[in-house]
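Peer 1: This is the structure I want to talk about, given as C-alpha cells.
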Amino acid sequence: MEYIPLWNPPILHQGAFYCVDYNGLIGTFNLEDNTWKVHGAPLIGSYEDKYPYPSFLVKSGEDLILVKLGSQENLVRTYKLNFPVMVWVEVESLGKRTLFISHTSCVSAIAPNNEMENKIYFPRLCLKGEGILFYSLETGRYDSFGDQHSSKSLYETEGWRENCTWIEPSWTKFTPQDLNWFEPPL
C-alpha cells in the first residue's frame, strides 16, 4: 500500500519523528541513523476508513494518539499506538486528558477542570461564530462553549479554520520583565 502523508506536523518521540498517513500507516524518521521506515497495518474496517478523512497525530504523555475523523457514522475515533508491534489500538476514553487538534499543531494536556476532560477541541466554530467546537468521547456528541450547541453531527457549525493553531500555555508566573521581549536585558 502506498504511503500518502497527511498535512500535519510530525511528532518527535523517543529519538524519531513520527507521522501518519491517510490509511493510518505510521512513518518514522530515526534521527540516530537517518533512516525512514513505514510501520503497521492500515486502518481499514469501515466505510469511513476507505476514504481520506483527516486524521491527527498527538503526543499525549508517553503515548501517541491518533484522532481519526469520519463522516456521519463514527465521526471521531481515537487510537493509541502499541509500540512493540506498531499497530493502533482503539481508545474509548482519554481519561483526564484533553486534546486540541488542527493542521498546524496538535496538543495534549491534563484538563484543568473536569468539564474539559475526555474532550477533543477543533479549530471550528458554531454558526455565527458562537463558541469553539469540541467532541466529547463520553457522550459521542459535538458541543461548544459559549452557546447551547449540541449535536451528533457537524450540522450547524462553520467550516474548518485552516490557519488556526493551538498554543500550549505555560502555567508558571512571569514577571513583567520576562514578558517584555523588545527591550534588551539590563
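Peer 1: Kindly list the residues of region 90-121 that lie in the label zone of K59, defined by a backbone N under 17 Å from the point 7 Å along the Cα-to-C-beta vector.
Peer 2: Within reach of a label on K59, which here means backbone N under 17 Å from a point 7 Å along Cα→Cβ, region 90-121 contributes 98-102, 104-110.
Peer 1: What nm distance separates the two modelled labels at N114 and S136, each placed 7 Å from Cα along Cα→Cβ?
Peer 2: Distance between the two pseudo-spin positions: 1.3 nm.
Peer 1: A follow-up question, please. Heads up, I need the accessible area for D33: 1.4 angstrom probe, whole protein in place, Å², nearest 10.
Peer 2: 90
Peer 1: Then there's this: Using a Förster distance of 30 angstrom, determine the FRET efficiency expected from the C-beta separation of K96 and H13, and round it to 0.05.
Peer 2: 0.90
The values are calculated or read from the model by the stated rules, or taken from the named source; none is laboratory data. Computed from a predicted model, the values in this text were never measured in an experiment. Here the Cβ is made from the backbone with ideal geometry for all residues, glycine too, and neighbour counts use every protein chain on show. Only protein heavy atoms, including side chains, enter the accessible area calculation; ligands, DNA and RNA are left aside. Shrake-Rupley method; radii C 1.70, N 1.55, O 1.52, S 1.80 Å.
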